Amino acid sequence: MNSFLEAYETPRLFHLAPNLIAASFALMKLMPARLMLDRAEQEGALDKGARIIESSSGSLGLALAMLAAERNYPLTLVTASSLIDLLFAARIRQLGAELIVNEDPSASGDQWGRLSIIEKLIAQRPGTYWPRQYDNPDNPASYARLAELLVRANGQIDCLVGTVGSGGSLCGTAGFLRSVFPDLHVIAVDTNRSALFGHRPGARLLRGLGNSLVPANLRHNEIDEVHWIGAFQAFMATRHLNTMFGAYLGPTSGAAALVAQWYASRNPTASTAVILPDEGGRYQQTVYNDEWLSSLAGWPVCELRSPQRLDRPQEHGEGSWTMLDWQRRMLVNKMAEATKDDLSRNIAKPPRSTQTGRGD
Amino acid sequence: MSDPTFATVDDKVPRTGTGHAIGHHGELLQGVFQGHGKRLIRGLITLPLPALSTNARFVPSSGGTVRVQPSGKTKARRAAKLALQRLGHSQLGGDLLIESSIPVGFGYGSSTADVVASIRAVVSACSAFLRPATIGRLAVAAELASDSTVFGDEAVLFAQREGTVIEPLGGSFPPLYLLSLGHSSASVVDTLKLPRARYTSAQILQFSVIRGLARHAIEHQDAALLGRVATASATISQQYLPQAGFETALQLSRLHEACGVQVSHSGSLIGILFDASKPEARRHLTSAARAAQAEGFGAVSAYSVFSDGVQP
């Protein structure tokens, strides 16, 4: 029999359009969190009762907190002041986790600062286990389960659409699907001022996707097409999922659904799958709150029906929707085509989380 | 065997019985899968080949000895004795005669077919019935590893070393044509002596996805997707038991609009699968056969796998 958390990690599968299947998660990150902990336990990297530490301000942190509570591990989460919200912090703390909040006045999320805090804490507390979701190969590996569920339900899949944060869900699911469908078209959904596909990192209004660094688990050479969704377009798409389907989901799901619906309608003979990673509860006072939306500079904007096609990574506003034919290139190759001014300084930074030098 | 035996029904005196069993052409899928209780277990989906088969005839007699002809078929003899025990006739023996059209030692499942036909001959002699799952378990008890031909056209994911069904795949095989590219004569294999493939954890995860697709393909009678299953599994198998003609077979499959390529994961057979429900399938089969001969495959032959009508 499954535990609550195993049952809870299983996505609902439904059709957004006749040729578009959606996998909608309550908390997608339970899947990678569980496999990372399982493997660490099996391999002896995580001793009984040892401390777990991770950098997360979002759903991976919550997933780890739930699993740590279930399995009796103490947990430390390092987050950024710009990213934490009170209800979320309360839920994490109630699960018994320790929250360390790193000040990030630039509101970029400051992953580099958080990683150095983790390294210091591990040095102080030997035996601490750090799952390292950005590098850990068990993060993408855990999405075999999603790939299996999708093919069981749908059979043929020609295109996969998903948002990117760590790269685990999109690259993991795509890799497994390509073992049976080698021609699978893979679309990554990102947002402006995320470093993942070559923007200079900065404050992002759309949360739950994007990253201020480039994780190793993002394998750029598996990506065919990249879309950058401005926060306002994502918010409107999220509200549509609620009003059209009764699907009260988060803005990450809205962004992914927007791109997937566009692709599916333009490719009626192709079978498309989309990963919807989050639910709407956390966004009741923001995305689902008209007053909050009205308080945002630039809101409202025109709803876009299709993306603007770019020929290189280029930042646009929150009302934008842009795309680029990525063509399975490495990030450095793609960046080399852009002019020097557009090159983000962070790309060359090579600590442990980087896309370069990988064998695959 | 933990199964209880049946009390002898005295008024049903055993008579001469016959049994039939089919061969196979390797597997559509073979790997390691999550079984019940999340235990990892080796399993396969056999590709049945009804055109090759074994007939067994069992003439019971009193005294516990079973004699077999040809005399080398000791696994069949063991299977007959196990079946007699299972049916509550352990005091009986008899003469078992086996005739088979299945080539021995190339991965066509000759040994399992002998075993299954023998069990069925005993079952028929005793006017009894055994469920396919029970025959499958007896077959494994007689020869250590078996295949899923005992289930006929019902597709199952079968644990070949335990004799249990890991997952029924929700129906029968869709109608297929198989272009067998044959075997190399240098490759007589004893399947039980082959080292077991030690799959990586990444491959075991891949098998879970391929298994899910197999289930969908059978449930929806989708030969094209079943071909994807076969190609994915065969591709993994090449790392453990490389087959010389595999890349050529993949090319032929693409060029002649086939569903995919399957192999015997513990032998040297390679086959190309076609969707027999499509009107143009025969034409593609014929053109692929010609091309395969031109590529130098020696023993090219076409078979029907559970499709209606005249055999190709």
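The values are calculated or read from the model by the stated rules, or taken from the named source; none is laboratory data. No experiment lies behind these values; they were computed from the predicted model shown. Here Cβ is always computed from backbone atoms with ideal geometry, including for glycine, and neighbour counts include all displayed protein chains. For the accessible areas, the whole protein counts, side chains as well, though only heavy atoms, and no ligand, DNA or RNA atoms are used. Shrake-Rupley method; radii C 1.70, N 1.55, O 1.52, S 1.80 Å.
Assorted remarks:
- For segment A:89-154, the helices (runs of 4 or more DSSP H) that sit wholly inside it and include 3 or more residues that are more than 14 Å from every other protein chain (Cβ to nearest Cβ) are A:111-124.
- Contact annotation: residue pairs with Cβ atoms under 8 Å, 6 or more positions apart or on different chains, pairing a residue in segment A:60-88 that is not assigned by the TED database to the domain that holds residue A:278 and surrounded by 19 or more Cβ atoms within 10 Å (Cβ to Cβ) with a partner that is in a strand (DSSP E or B) and of a type in the set (S, T, N, Q), are A:61/A:79; A:77/A:55; A:78/A:55; A:78/A:102; A:79/A:55; A:79/A:102; A:80/A:102.
- Of all the criteria given as (1) more than 14 Å from every other protein chain (Cβ to nearest Cβ); (2) surrounded by fewer than 24 Cβ atoms within 10 Å (Cβ to Cβ), the one not satisfied by residue A:212 is (2).
- Failed criterion for residue A:197 (all others in (1) assigned to a loop (DSSP other than H, G, I, E, B); (2) open to solvent by 10 Å² or more (accessible area, probe 1.4 Å); (3) not basic (Lys, Arg) hold): (2)
- Test for residue A:246: is it under 15 Å from residue A:276 (Cα atoms), without any contact (Cβ under 8 Å) to a residue 40 or more places away in the chain and either assigned by the TED database to the domain that holds residue A:57 or not hydrophobic (A, V, I, L, M, F, W, C) (or both): yes
- Among the residues of segment B:148-165, some residue qualifies, meaning at least one is within 14 Å of chain A (Cβ to nearest Cβ) and modelled with pLDDT of 95 or more.
- Taking the listed residues B:306, B:297, the one that is open to solvent by 10 Å² or more (accessible area, probe 1.4 Å), over 22 Å from the mean Cα position of the chain (by Cα) and modelled with pLDDT under 95 is B:297, with no other qualifying.
Residue by residue, here is whether (1) without any contact (Cβ under 8 Å) to a residue 12 or more places away in the chain; (2) surrounded by fewer than 23 Cβ atoms within 10 Å (Cβ to Cβ); (3) in a loop (DSSP other than H, G, I, E, B) holds:
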site	(1), (2), (3)
A:16	no, yes, no
A:22	no, no, no
A:31	no, no, no
A:36	no, no, no
A:39	no, yes, no
A:42	yes, yes, no
A:45	no, yes, yes
A:54	no, no, no
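- Some residue of segment B:175-183 being at negative phi, under 16 Å from the mean Cα position of the chain (by Cα) and not hydroxyl-bearing (Ser, Thr, Tyr): yes
- Among the residues of segment B:63-76, those identified as surrounded by fewer than 23 Cβ atoms within 10 Å (Cβ to Cβ) and either under 14 Å from residue B:121 (Cα atoms) or under 27 Å from the mean Cα position of the chain (by Cα) (or both) are B:67, B:69, B:70, B:71, B:72, B:74, B:75.
- Scope segment A:258-292; condition assigned to a helix (DSSP H, G or I), among the hydrophobic types (A, V, I, L, M, F, W, C) and closer than 22 Å to residue A:322 by Cα; matching residues: A:258, A:259, A:260, A:262, A:264
- Lone unmet requirement of (1) over 13 Å from the mean Cα position of the chain (by Cα); (2) surrounded by fewer than 24 Cβ atoms within 10 Å (Cβ to Cβ) for residue B:110: (1)
- Test: residue in segment B:231-238 that is hydroxyl-bearing (Ser, Thr, Tyr) and open to solvent by 20 Å² or more (accessible area, probe 1.4 Å): yes
- Verdict on residue B:48 being touching a Ser or Thr at 6+ places or on another chain (Cβ under 7 Å) and of a type outside the set (Ser, Thr, Tyr): yes
- Once segment B:194-204 is narrowed to residues that are assigned to a loop (DSSP other than H, G, I, E, B) and more than 20 Å from the chain's Cα centre (by Cα), the residue that is nearest to the other protein chains (Cβ to nearest Cβ) is B:200.
- The condition (being under 21 Å from the mean Cα position of the chain (by Cα) and open to solvent by 60 Å² or more (accessible area, probe 1.4 Å)) is satisfied by just one residue among A:303, A:315, A:291: A:315.
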